[in-house]
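Working notes for the structure below.
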Amino acid sequence: MFRFANPEYLYGLYFIPVLILAFWFWMRNKNKLIDKFADKKLQSVLLPAYSKGKSIIRFGIIVLSIILLLIAAADPQVGTKIENVKMSGIDIYILLDVSLSMQAQDIQPSRLEKAKMEVSNLIQKLRGDRIGLIVFAGEPFVQFPLTSDYSAANLFLNAANTSTVPDQGTAIAAAINLGVKSFNYSSKTEKVMVIFTDGEDHEGNIQEAINNAKKNNIKIYTIGLGSPDGVPIPIYNQQGQQVGFKKDNSGNVVLTKLEPSTLQKIASETGGQYFQAANGRDELDIIYSDLNKLKKTEFGEKQVTNFEDRFYYFLVPAIILLLIEFFMSERKSPFFSMLNKKFGIES
């Protein structure tokens, strides 16, 4: 099995044709200037040591070295063997509010983007734990179920926005109930929910949802996003440009503010903690350190391919070529003079 550990470096190969084209224009202009300066016979007298062919070869060596260095930076790897690895950890469902009020910018860059950045940071730290995402507004739905495929989790997380759920509102209770239903109870893993919301619950039935979570031994952490003072909700067009603020039926600008009481109640009754989000602080860092204290439970096996680096197969030739280019002069050599006479390679 073959792969690149850092494939993003291969994008640099797109600049190679541009580099070649730029060199071609440079050589053409240089030759034109030399031809204007003196005719062919006089050039051999005035510039007896100048070799056009050497310039081209030196450039070719540099281009080939750049290609090899880019491939080496991408770190080609070869899979040597497949192993069965036991998987153990805890199960975490993130409940992410994607209602319009989450577009408010009392937390930068916005409440929703702040939450997504924290979840993305958490995903990068997970080792063996399974994570799932439920997005909610007026209605909740599972954006992705519990998984240990963290790359896929990040992709689905990035796709979550205020247009993900068509029905607006903030149904916290319904989101908790869906989270409770979505856990796999056949595995005895510790189960945790983390709720990101501004706490403006519009649906009620919170106590019933809390009891449902407690009955299934689910610990819930809550993170409140926003300011208690209230801020307007920006509205954007399809091009992502702000076109105003949300207004009520009377034409007044709607203010959204953090309502922590519901979130504090959820956390305290289920054994979790409540945090108020703040700029420059990652609340999930604190939660993650707490989650690490929970018992890790084995829930299956997966096959893992061990890869070995092969970048040195490209790095070493690149270094050798660069050393050759460094010590190669542009002066004519007997070998190139012979080629010139025999094949007309140089002029």
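Points worth noting:
- Each of 190, 308 was scored by other Cβ atoms within 10 Å of its Cβ. Arranged with the fewest first, they read 308, 190.
- Counting every other Cβ atom within 10 Å of each residue's Cβ, 150, 14 order from fewest to most as 14, 150.
- Amide H contacts for residue 143 (H built 1.01 Å from N in the peptide plane; partners 5 or more residues away or on another chain; cut-off under 5 Å): 133, 134, 135.
- Whole-Å distance, taken between Cα centres, linking the range 262-282 and the range 222-257: 23 Å
- Local electrostatic count at residue 284 - Lys and Arg +1, Asp and Glu -1, tallied over other residues with Cβ under 14 Å: -2
- Measuring between alpha carbons in the structure, the pairs from 116/214; 125/188; 219/246 lying more than 32 angstrom apart are 219/246.
- Convex hull volume per residue for the range 97-302, taking Cα atoms only, in Å³: 120 Å³
- For the range 9-24 and the range 122-153, distance of Cα centres in Å: 40 Å
- Count Lys and Arg as plus one, Asp and Glu as minus one, and take only other residues whose Cβ is under 14 Å from that of residue 108; the net charge is then 0.
- Among 206, 146, 133 the positive-end extreme of the charge dipole of the range 97-302 (Cβ point charges): 146
- Computed magnitude of the charge dipole of the range 97-302 (debye, nearest 20; Cβ of K, R +1, Cβ of D, E -1): 620 debye
- Total charge dipole magnitude, the range 96-219, about the Cα centre, Cβ charges on Lys, Arg, Asp, Glu only, Debye to nearest 20: 680 debye
We did not get these values from a lab; they are worked out from the coordinates using the rules stated. Quantities reported herein were computed from a predicted structural model and do not represent experimental measurements. Note that we place each Cβ from the backbone using ideal geometry, even for glycine, and neighbour counts take in every protein chain shown.
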